[in-house]
Amino acid sequence: MSMTKNPPKTDVKSTHFHLDKQAIRAAAAKIDEGAVTEGYRGNREEVIAMLNDALATELLCVMRYKRHYYTAKGLEIEAIKGEFLQHAQEEQSHADQIAERIVQLNGEPDFNPKTIAERSHAQYDESADIKDMIRANLVEERVAIEAYRQMIERIGDDDPTTKHMLIQIMAQEEEHADDMSDLLGL
């Protein structure tokens, strides 16, 4: 009985992936379209509209957290105020990322203060009690999480860059919700 060291060769054709060089050169030629190439499969107008609503949401969340930071009173709540300020800064970072993506998609970020509250998924809060502030922030973080989940689902694989950005933002919103939930347990 003889043993072979190498298995017998089969007639399976070796396939190697090749980039479409013609499509790559065509993309390079259309510099006036910025980051949007022919390969972009998303509905740009719909994605930009969703992102502008998300931008309004993030801006409103910045304002809510900032209000809570400045109006919460008492020495015993300095750590909570610090959490509000950190979340406000992170929400501002989300707004900046979203505005940048809108521009990359050849859109215009909508910072109109007259329509922010109307377009926002979240609500503003003027609570004076610290527990009410925390509760309001938890509710609105949950609203943001669900809104991002729906946007991610809608975009699917048609716009991987936007989808990836939204997944990252949603993960941080989940952290914020967890933080607020922990604070309610104090």
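A short reminder: the numbers here are calculations on the coordinates, not readings from a lab. Model, not experiment: these values are computed from the prediction. All Cβ positions, even for glycine, are placed from backbone atoms using ideal geometry, and neighbour counts span all protein chains on display.
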With a cut-off of 8 Å between alpha carbons and a minimum separation of six or more residues, what is the relative contact order of the range 45-111 in percent? 49 percent
For the chain, what is the charge dipole size about the Cα centre, in debye to the nearest 20, if Lys and Arg each add +1 at the Cβ and Asp and Glu each add -1 at the Cβ? 900 debye
Which whole-Hz couplings ³J(HN,Hα) result when phi for each residue of the range 44-59 is put into the Karplus expression 6.51 cos²θ - 1.76 cosθ + 1.60, θ = phi - 60°, listed in order with x for Gly and Pro? 3, 4, 5, 5, 4, 4, 4, 5, 5, 5, 5, 4, 4, 4, 5, 5
Dipole axis of the chain (+1 Lys, Arg; -1 Asp, Glu on Cβ), positive-most option in VAL103, HIS68, GLY34: GLY34
Over the range 84-178, calculate the relative contact order: mean separation of alpha carbon pairs under 8 Å at least 6 apart, over the residue count, as a percent. 26 percent
Note, ³J(HN,Hα) from phi for the range 132-140, Karplus 6.51, -1.76, 1.60, rounded to Hz, x at Gly and Pro: 5, 4, 4, 4, 4, 5, 5, 4, 6
The farthest towards the positive end of the charge dipole of the chain, of the residues THR57, LEU19, ILE167, given +1 on Cβ of Lys and Arg and -1 on Cβ of Asp and Glu, is LEU19
Before anything else, pin down the relative contact order of the range 23-162: Cα pairs under 8 Å, at least 6 apart, normalised by residue count, whole percent. 35 percent
At most 16 other Cβ within 10 Å, DSSP loop - GluC sites (Glu not before Pro), the range 120-186: GLU126
For the chain, take the longest principal axis of its alpha carbons; what is the angle in degrees between that and the long axis of helix 78-104, to the nearest 10 within 0 to 90? 40 degrees
